[in-house]
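Some notes on the structure that comes next.
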Amino acid sequence: MRMMRGLFLPNHIICEILSWLPVKSLLRFKCVCKTWFNIIQDPEFITIHMVRAPCSWVYQSTYNENSCANFTFSTYWQGLVLERNNSTNAYRLRNPATRQILDLPCPPSHQNIIYINIFFIPKTSDLKLLNISCLQEEGDIHTKRYNILSINDLTWKYVDSTSCDPTKFQVRKLHAETKFYLFKLGLVGDSYFDCLDLENDRITRDIKIPRKLFLDWKNVHALNWKDGKLALACIDQKQQLNLWILEDDKKNKWAETKITISLTFLKDYPSMSSQNIIPWTVKENQIWWYHVTDDSQDIFVFDIESREVDFQTSPTTKKKILYIDKPSLTYIKGMHPETQKVKCSEK
Amino acid sequence: MSSSTELTEKKVFLLKSLDGVIFEVEESVAVQLEVIRELIEGDCARPFISLYNVTSEILALVIEYCKHHAETCSGGTSATIADEDLKTFDNEFMNVDENILLELCSAADYLDIKSLFELTCRTLASLIKDRTIIEVRKMFNVENDFSVVEEKAVRKEFAWAFK
């Protein structure tokens, strides 16, 4: 009866079907035909596929079991793990789902590393690694050295911050799209921030933050606000979260008024206090927090509208979360198979 | 405009399949097919709408799907119960021969029914996940256009995925 025997589906449908498959099946299905091969390699397809991939928590313990000895986890970006070789200090990018690796050159300094992260620069389709090390000078004076690696040309560059005395400042680091901010919160005097623009490798140092924003700067946190903006936040004695939004970093323009959110949930969770919960990012109408205790770090979400709290992990697991994995086909030019490490993997 | 249309006559539309069978559907069902919604809005839905790419067998299934979704969503039950009900229905609805599934997927794309399109794509993906290359080629009616050497090279790159 059916008239369409031997149905032939157009590419956009094939693309949709394939986007729901796990990475392993897709790597096999590259062999089906040239059309499928091209779909599976297509950057647009890779993005859609990653969005749909189920995410999972990766704990420190699981990472240690599954990864090869000799490497330390540094950071994670869209299916890629950045890890450091314990003996040589060289970095590598690894895609655990496709088992591919890209070896990176050794950074110019690997002492006192206080920060490492990956930035995607859409304009040049480049990935940049930012590694910040602390150069100790005489006495207690520190200078931060920003080491930047472009994956496109595989060379490290660096810029230095101005010196700062760690007894007078507390440092908070924040990553927003193609910019990195270093907040130096003054414990006794004014506070400043540095803005490092990774698109142009340009730094603006020591931008003064108005002192009047907070009375007490000790527990101030920097976080990602909506629309790629930044905010500084502090929980006051009335258990309210006070937020100041940085409207324009170039002009150092802060919002006219602060946002105050009552943290009613603190009453329901006796283990939480303004000391051990850290606001980290805002997505739509939700604030994501870390709850840090001696042996664990939980993530929870607070909905600004409904005032409800939702735990992303069971508070009883007591395991340190390293990252949220989204298995993807992400490929960086020059990646090669992880052949020599086969015996380390599970099978 | 008021939404209480109890007393007014329900609008119906006629859909004609590729093999000439005419189906009568209510507006709440018809508007779920994005292509038809456009025709209705443009007042081009009379006397009937010809769907040249869909057989009567598949069109009957599509209408069954849209009808159930329209009824569940307007039935006045709570959102969570409606959700559960749709999930059960969708699961059973996907329990069909894989050739029908392929045609339903193609029809959902042509008629622009987003939820059915995603449902069929996801179901097809879970069906083929563990299949061999040869089985997949046969199912999707695609020919291997790689040369022996080329195919070997592609396989070699991710040999572990074939284990």
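The values are calculated or read from the model by the stated rules, or taken from the named source; none is laboratory data. Just so we're clear, the structure is a prediction, and the values are computed from it rather than from any experiment. Cβ: placed from backbone, ideal geometry, glycine included. Neighbour counts: every protein chain shown. Note: accessible area is taken over every heavy atom of the protein model, side chains too, but ligands, DNA and RNA are not part of it. Shrake-Rupley method; radii C 1.70, N 1.55, O 1.52, S 1.80 Å.
Working carefully through the options A:46, A:17, find the one that is more than 14 Å from chain B (Cβ to nearest Cβ), part of a helix (DSSP H, G or I) and buried (at least 18 other Cβ atoms within 10 Å of the Cβ). Break it down stepwise before answering.
Numbers: A:17 fails: more than 14 Å from chain B (Cβ to nearest Cβ).
Unique residue meeting the criteria: A:46.
Could you tell me whether residue A:218 is more than 19 Å from residue A:259 (Cβ to Cβ), loosely packed, with under 15 Cβ neighbours inside 10 Å and more than 20 Å from the chain's Cα centre (by Cα)? Lay out the reasoning, then the answer.
Details: more than 19 Å from residue A:259 (Cβ to Cβ): yes; loosely packed, with under 15 Cβ neighbours inside 10 Å: yes; more than 20 Å from the chain's Cα centre (by Cα): yes.
Yes: the conditions hold for residue A:218.
Name the residue that is most open to solvent (accessible area, probe 1.4 Å), counting only residues in the range A:271-303 that are of a type in the set (A, V, I, L, M, F, W, C) and at pLDDT 90 or above. Show your work before the answer.
Initial filter on the range A:271-303 (of a type in the set (A, V, I, L, M, F, W, C)): A:272, A:277-278, A:280, A:282, A:287-289, A:292, A:299-302.
Next, only the ones that are at pLDDT 90 or above stay: A:277-278, A:282, A:287-289, A:301-302.
Working: A:277: 0, A:278: 55, A:282: 11, A:287: 1, A:288: 36, A:289: 0, A:301: 7, A:302: 0 Å².
By that ranking, first place goes to A:278.
Of all residues in the range B:103-126, which are among the hydroxyl-bearing types (Ser, Thr, Tyr), buried (at least 20 other Cβ atoms within 10 Å of the Cβ) and more than 8 Å from chain A (Cβ to nearest Cβ)? Let's see the steps before the verdict.
Taking the range B:103-126 as the starting set, the residues that turn out to be among the hydroxyl-bearing types (Ser, Thr, Tyr) are B:106, B:110, B:115, B:120, B:123, B:126.
The next check asks that each one be buried (at least 20 other Cβ atoms within 10 Å of the Cβ); those that pass are B:106, B:120, B:123.
Across the range B:103-126, the qualifying residues are B:120, B:123.
Could you list all residues from the range A:111-124 that are surrounded by fewer than 17 Cβ atoms within 10 Å (Cβ to Cβ) and in contact (Cβ under 8 Å) with a residue 24 or more places away in the chain?
Those that are surrounded by fewer than 17 Cβ atoms within 10 Å (Cβ to Cβ) and in contact (Cβ under 8 Å) with a residue 24 or more places away in the chain: A:112, A:114, A:120, A:122, A:123, A:124.
Just to be sure I understand the filter: pairs with C-beta atoms under 9 Å, separated by 6 or more residues or on different chains, first member in the range B:145-163 and at the interface with chain A (Cβ under 7 Å from one of its Cβ atoms) and more than 17 Å from residue A:339 (Cα to Cα), second member open to solvent by 90 Å² or more (accessible area, probe 1.4 Å) and not in a loop (DSSP other than H, G, I, E, B). Which pairs pass?
Close Cβ pairs (under 9 Å, with a partner that is open to solvent by 90 Å² or more (accessible area, probe 1.4 Å) and not in a loop (DSSP other than H, G, I, E, B)) amount to B:146/B:152.
On the basis of being of a type outside the set (A, V, I, L, M, F, W, C), open to solvent by 60 Å² or more (accessible area, probe 1.4 Å), more than 14 Å from chain A (Cβ to nearest Cβ) and under 13 Å from the mean Cα position of the chain (by Cα), does residue B:64 make the cut? Spell out the reasoning first.
Details: of a type outside the set (A, V, I, L, M, F, W, C): yes; open to solvent by 60 Å² or more (accessible area, probe 1.4 Å): yes; more than 14 Å from chain A (Cβ to nearest Cβ): yes; under 13 Å from the mean Cα position of the chain (by Cα): yes.
Taking the combined requirement at face value, the residue satisfies it.
Go through (1) touching a helix residue (DSSP H, G or I) at 6+ places or on another chain (Cβ under 7 Å); (2) within 14 Å of chain B (Cβ to nearest Cβ); (3) in contact (Cβ under 8 Å) with a residue 24 or more places away in the chain and name the single condition residue A:73 misses.
The one condition residue A:73 does not meet is (2).
Output the number of the condition that residue A:251 fails; it satisfies all remaining conditions of (1) open to solvent by 40 Å² or more (accessible area, probe 1.4 Å); (2) at pLDDT 90 or above; (3) closer than 27 Å to residue A:121 by Cα.
Among (1) open to solvent by 40 Å² or more (accessible area, probe 1.4 Å); (2) at pLDDT 90 or above; (3) closer than 27 Å to residue A:121 by Cα, residue A:251 violates only (2).
Can you tell me how many residues within the range B:127-154 are open to solvent by 80 Å² or more (accessible area, probe 1.4 Å) and within 30 Å of residue B:103 (Cα to Cα)?
As a first pass, look at the range B:127-154 and keep what is open to solvent by 80 Å² or more (accessible area, probe 1.4 Å): B:130, B:134-135, B:138, B:143, B:148-149, B:152.
Those left that are additionally within 30 Å of residue B:103 (Cα to Cα): B:130, B:134-135, B:138, B:143.
Number of matching residues: 5.
Here are A:317, A:330, A:339: which of them is open to solvent by less than 60 Å² (accessible area, probe 1.4 Å), modelled with pLDDT under 90 and not charged (D, E, K, R)?
Details: A:330 fails: modelled with pLDDT under 90; A:339 fails: open to solvent by less than 60 Å² (accessible area, probe 1.4 Å).
The conditions single out A:317.
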